[in-house]
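*Asks:* Below are the structure tokens for one structure; questions will follow.
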2 protein chains.
Amino acid sequence: MGRMSLPRVVIVGAGFGGLEAARALANAPVEVIVVDQQNHHCFQPLLYEVATAALSPAEIAWPIRALLRRQKNALVMLARVDAIDTAGRIVNTDSVTLPYDFLVLATGATHSYFGHDAWEPFAPGLKRIEDATKIRARILMAFERAELTEDAAMRSRLLTFVVIGGGPTGVEMAGAIAEVARETLRSDFRRIDPRQSRIILLEAAGRLLASFPESLARYAERTLRAMGVEVMTSNLVTACDGQGVTTDSQRIEASTLIWAAGVISSPAADWLGVAHDRVGRILVNPDLTVDGLKDVFAIGDLAALTERGRPVPGVAPAAKQMGRYVGRRIAAVVRGDTSGAPFVYRHFGELATIGRRSAIVNLPYLRLTGPIGWLFWSVAHIYFLIGARNRAIVAFSWLWSYLTFQRGARLISS
Amino acid sequence: MGRMSLPRVVIVGAGFGGLEAARALANAPVEVIVVDQQNHHCFQPLLYEVATAALSPAEIAWPIRALLRRQKNALVMLARVDAIDTAGRIVNTDSVTLPYDFLVLATGATHSYFGHDAWEPFAPGLKRIEDATKIRARILMAFERAELTEDAAMRSRLLTFVVIGGGPTGVEMAGAIAEVARETLRSDFRRIDPRQSRIILLEAAGRLLASFPESLARYAERTLRAMGVEVMTSNLVTACDGQGVTTDSQRIEASTLIWAAGVISSPAADWLGVAHDRVGRILVNPDLTVDGLKDVFAIGDLAALTERGRPVPGVAPAAKQMGRYVGRRIAAVVRGDTSGAPFVYRHFGELATIGRRSAIVNLPYLRLTGPIGWLFWSVAHIYFLIGARNRAIVAFSWLWSYLTFQRGARLISS
């Protein structure tokens, strides 16, 4: 693609990190090109709400170009990156060829099946809008099929839902499915009772939520059990198939499996031909450049960075902080200032909901649980949702489901 | 499927007609089974708002079983009807076999390409949620591709949108696409100006909106032209392909074609082995029974009925009135009262919007145009949307887009 006279920054990926990098360059004398395979930025922390029919896709996803509409130096391209030529400083996509002066890789992560990719069709993971609508259709279809079948074993398999992985996503999914079965669908069927459904949360380790303090994890487990979720820790999955899941200690017949057990970074390390860690992340320098490539940055879930002896976690706030740092860094370099300090991660804490009435909040100086935790979680998430319109609609949807136990997006469609 | 001791009414299709029939049987001593291929009832009059990214699918579609939750004598089945045995009084589906005492066929209509089904992939029609999300993705992708291409002819083809058929759906689609191009996307691109897009409305007849009075049709045409829509009447389409459309008088290069020119009824007449008219509709008696089958009713877009010399139109109010009539009729017959009067259609009028600021309203004693017409149209549609939650969200979405020129559901996803 033709060049302007300004230095060009190509940003690959418009997740939390890439978008923040673009914004931090708004007033810099550069041309910014944001490339993404999708036309929308997805607010991933709420994907489980789409997967469980509480929110519509458009309530947590916004056109990237609408988000950058006012930033006149930013150009958005819907394209898929195929290769990067670091010697010639060129990004090759399926439609255009983009020379760059600075490259920011923010391609994120996808689910990892630890070498068992054959499990994916049976146990889809939750990273994109399409994943969420697929899982939503599977959950709702399981109840529909259970209502129709005359076969008791099949009915029982259809009414068993297994979430694999006891991190925040797994905890949130299991809690939400329990609410769908026990509250939302309670009166909708005539031949089955959705309240008889089994919702099972499998975790390989000895307890849930490894990154949270033990007391909060125990609270989450008690709350889930009270909601009717069967929490099974120390169960390592050894096989997933169309009829259920096998662990190192048992076999569970279930027609709906959901994968929340692991992630792996996008193949950006292969594009560059550089070293990556066990989960595909690129090892970056303290200024987030890729080793040996001082004009190429890797951020967010794609970057492996250890700071003061602790790894920076793969969470949205870390990606945003990295994006902002890199945007400012490039702006400084363009102005001739190469003296910048290394990236410093500020940890604000972490949150997870457990159904609609409870959450756990772990901040440096504050721990919350129960309804107060949920309120904190709701306000924090609505605040971070981009766009006033969506903030209002999401707040309204949540208030509505809270008051009525309904879920507004129970659509089975492709 | 096993029988209860009550007479069983099987209703095929949960559109406006089928749903109304089920509701009219709420207090009758019958078992009601509603069968549909989809899990949701779709408010078709607003599908064009989904196709043009103003509303989300879930804002105009609701789970059928949620709509019938409180009706304890109604059972909802997600299944596809394959055949009907009228002698044995059995409906065969892809999963269950349903004996019936009364059968109500309310399967609606789909687009008709007048014998040219090969045109469908190039010019999709708008009848289901999936159609609307497909058309939405095509419209948005055309702008994305135009932004990327270096080829001027291709760019011009990508920025040309042709709506085929000048009835209410065609008029509404053309007006909405014009607004997307001229207002919503105005500042979103850097290399193209979406305001340069051509939006063309093709109609084979000499004027738009054949069912409306000439004065209102002329008003609609003037308003569309003022919005930048090229209205081309007396243009009969003779071919659709991947590069554009050919009419009896010209060739138009366009990458996005939308079909709004004709409908054909579902194949229910074939299931019964009875006569149907040119567009597949079943000829019904004045009590909406199928001739020769006194326990089988056909309603809505599936029924061909002439009343006082005028055909009952294929519109939502007619389907609802027929559904209510049939439900009450069956309830009366079950009570032993077979003396009922024939169906009488009450025509309330018709409406069509032209963009977001104007509409035409044709009521028996009232004609409205312009912003007053639009206000009337909005209130009428919000009133008829089922479910208070959706009413509030749709009202909010509309108010928001009216104030900001934005569209909230600009998602390209499968």
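*Asks:* Could we say that B:Y402 is within 30 Å of A:H41 (Cα to Cα) and either modelled with pLDDT under 70 or not assigned by TED's automatic domain parsing to the domain that holds B:S215 (or both) here?
*Replies:* yes
*Asks:* Looking at region B:182-202, which of the residues that are away from chain A (no Cβ under 14 Å) and in contact with a strand residue (DSSP E or B) (Cβ under 7 Å, 6 or more places away or on another chain) is surrounded by the most Cβ atoms within 10 Å (Cβ to Cβ)?
*Replies:* Looking at the filtered set, the residue picked out is B:L201.
*Asks:* Report yes if B:R281 is of a type in the set (K, R) and in contact with a Ser or Thr (Cβ under 7 Å, 6 or more places away or on another chain), otherwise no.
*Replies:* yes
*Asks:* A further question follows. Return the residue satisfying two criteria in turn: it lies in region A:77-94 and is under 30 Å from B:T52 (Cα atoms) and more than 8 Å from chain B (Cβ to nearest Cβ), and of such residues it is surrounded by the most Cβ atoms within 10 Å (Cβ to Cβ).
*Replies:* The extreme case among them is A:V81.
*Asks:* Cβ-Cβ under 6 Å, sequence separation 6+ or interchain: first residue in region A:311-329 and farther than 16 Å from A:A26 by Cα, partner acidic (D, E). Which pairs?
*Replies:* Final answer for the pair search is A:G314/A:D301.
*Asks:* From the list B:L272, B:L288, which residue is hydrophobic (A, V, I, L, M, F, W, C), modelled with pLDDT under 95 and more than 28 Å from B:A176 (Cα to Cα)?
*Replies:* Exactly one of B:L272, B:L288 is hydrophobic (A, V, I, L, M, F, W, C), modelled with pLDDT under 95 and more than 28 Å from B:A176 (Cα to Cα), namely B:L272.
*Asks:* Going by what's in this entry, would A:G323 be described as closer than 23 Å to A:I84 by Cα and over 19 Å from the mean Cα position of the chain (by Cα)?
*Replies:* Considered against the rule, which asks whether it is closer than 23 Å to A:I84 by Cα and over 19 Å from the mean Cα position of the chain (by Cα), A:G323 comes out as no.
*Asks:* Could you check B:V274 against (1) outside the structural domain of B:M154 (by TED's automatic domain parsing); (2) touching a helix residue (DSSP H, G or I) at 6+ places or on another chain (Cβ under 8 Å) and say which number it fails?
*Replies:* So the condition that B:V274 fails would be (2).
*Asks:* Look at region B:278-310 and say how many of its residues are surrounded by fewer than 16 Cβ atoms within 10 Å (Cβ to Cβ) and either small (G, A, S) or outside the structural domain of B:D85 (by TED's automatic domain parsing) (or both).
*Replies:* Number satisfying all stated conditions: 2.
*Asks:* Is it the case, given these coordinates, that A:L103 is within 14 Å of another protein chain (Cβ to nearest Cβ), within 24 Å of A:G18 (Cα to Cα) and either at pLDDT 90 or above or surrounded by fewer than 18 Cβ atoms within 10 Å (Cβ to Cβ) (or both)?
*Replies:* no
*Asks:* With the requirement that a residue be part of a strand (DSSP E or B) and in contact with a Phe, Trp or Tyr (Cβ under 8 Å, 6 or more places away or on another chain), what does region B:183-223 give you?
*Replies:* B:R198, B:I199, B:I200 - these are the residues of region B:183-223 that are part of a strand (DSSP E or B) and in contact with a Phe, Trp or Tyr (Cβ under 8 Å, 6 or more places away or on another chain).
*Asks:* Can you say whether B:A53 is within 19 Å of the chain's Cα centre (by Cα), under 27 Å from B:V263 (Cβ atoms), within 14 Å of chain A (Cβ to nearest Cβ) and not in a loop (DSSP other than H, G, I, E, B), as far as the supplied structure shows?
*Replies:* Taking the combined requirement at face value, the residue does not satisfy it.
*Asks:* Something else: Among the residues of region B:346-365, is there at least one that is without any contact (Cβ under 8 Å) to a residue 12 or more places away in the chain and surrounded by fewer than 19 Cβ atoms within 10 Å (Cβ to Cβ)?
*Replies:* For region B:346-365, residues without any contact (Cβ under 8 Å) to a residue 12 or more places away in the chain and surrounded by fewer than 19 Cβ atoms within 10 Å (Cβ to Cβ): present.
*Asks:* Something else about it: Looking only at region B:6-39, which residues are part of a strand (DSSP E or B) and among the charged types (D, E, K, R)?
*Replies:* B:R8, B:E31, B:D36
*Asks:* May I pose another question? Could you figure out which of (1) more than 22 Å from the chain's Cα centre (by Cα); (2) on the phi > 0 side of the Ramachandran plot; (3) at pLDDT below 95 isn't true of A:S234?
*Replies:* Among (1) more than 22 Å from the chain's Cα centre (by Cα); (2) on the phi > 0 side of the Ramachandran plot; (3) at pLDDT below 95, the lone unmet condition for A:S234 is (3).
*Asks:* Mind listing whichever residues of region A:292-310 are assigned to a helix (DSSP H, G or I) and of a type in the set (D, E)?
*Replies:* Of everything in region A:292-310, just one residue is assigned to a helix (DSSP H, G or I) and of a type in the set (D, E), namely A:D301.
*Asks:* Within region A:156-170, restricting attention to residues that are under 18 Å from A:V245 (Cβ atoms) and either free of Cβ contacts under 8 Å to residues at least 24 places away in the same chain or part of a helix (DSSP H, G or I) (or both), which residue is nearest to the other protein chains (Cβ to nearest Cβ)?
*Replies:* Across region A:156-170, the extreme among qualifying residues is A:L158.
*Asks:* Among (1) surrounded by 24 or more Cβ atoms within 10 Å (Cβ to Cβ); (2) within 13 Å of chain A (Cβ to nearest Cβ); (3) under 30 Å from B:D337 (Cβ atoms), which single condition is B:R65 missing?
*Replies:* Checking B:R65 against (1) surrounded by 24 or more Cβ atoms within 10 Å (Cβ to Cβ); (2) within 13 Å of chain A (Cβ to nearest Cβ); (3) under 30 Å from B:D337 (Cβ atoms), the one that fails is (3).
*Asks:* Would you be able to say whether some residue in region A:14-32 is touching a helix residue (DSSP H, G or I) at 6+ places or on another chain (Cβ under 7 Å), surrounded by 24 or more Cβ atoms within 10 Å (Cβ to Cβ), within 11 Å of chain B (Cβ to nearest Cβ) and not acidic (D, E)?
*Replies:* yes
*Asks:* Out of everything in region B:98-107 that is in a loop (DSSP other than H, G, I, E, B) and either in contact with a helix residue (DSSP H, G or I) (Cβ under 6 Å, 6 or more places away or on another chain) or among the hydrophobic types (A, V, I, L, M, F, W, C) (or both), what residue ends up being farthest from B:V263 (Cα to Cα)?
*Replies:* Per the stated criteria, the residue is B:A106.
*Asks:* For region B:123-133, state whether one or more residues are facing chain A (nearest Cβ under 9 Å), in a helix (DSSP H, G or I) and of a type in the set (D, E).
*Replies:* Yes: region B:123-133 contains one or more residues that are facing chain A (nearest Cβ under 9 Å), in a helix (DSSP H, G or I) and of a type in the set (D, E).
*Asks:* Quickly run through region B:174-219 and pick out the residues that are closer than 17 Å to B:I139 by Cβ and either among the acidic types (D, E) or touching a Pro at 6+ places or on another chain (Cβ under 6 Å) (or both).
*Replies:* Result: B:E179, B:A181, B:E183, B:L185, B:D188, B:D193.
*Asks:* Hey, another quick one. Quick check on A:T110: is it outside any helix (DSSP H, G or I) and in contact (Cβ under 8 Å) with a residue 60 or more places away in the chain?
*Replies:* Taking the combined requirement at face value, the residue satisfies it.
*Asks:* One residue is enough: does region A:282-304 have a residue meeting the conditions in contact (Cβ under 8 Å) with a residue 12 or more places away in the chain, more than 30 Å from A:G88 (Cβ to Cβ) and out of contact with any strand residue (DSSP E or B) (no Cβ under 7 Å at 6 or more places or on another chain)?
*Replies:* Looking through region A:282-304, none of the residues is in contact (Cβ under 8 Å) with a residue 12 or more places away in the chain, more than 30 Å from A:G88 (Cβ to Cβ) and out of contact with any strand residue (DSSP E or B) (no Cβ under 7 Å at 6 or more places or on another chain).
The values are calculated or read from the model by the stated rules, or taken from the named source; none is laboratory data. Treat the numbers as computed from the prediction; the structure is a model and nothing was measured. Positions of Cβ are backbone-derived with ideal geometry, glycine not excepted, and every protein chain shown enters the neighbour counts.
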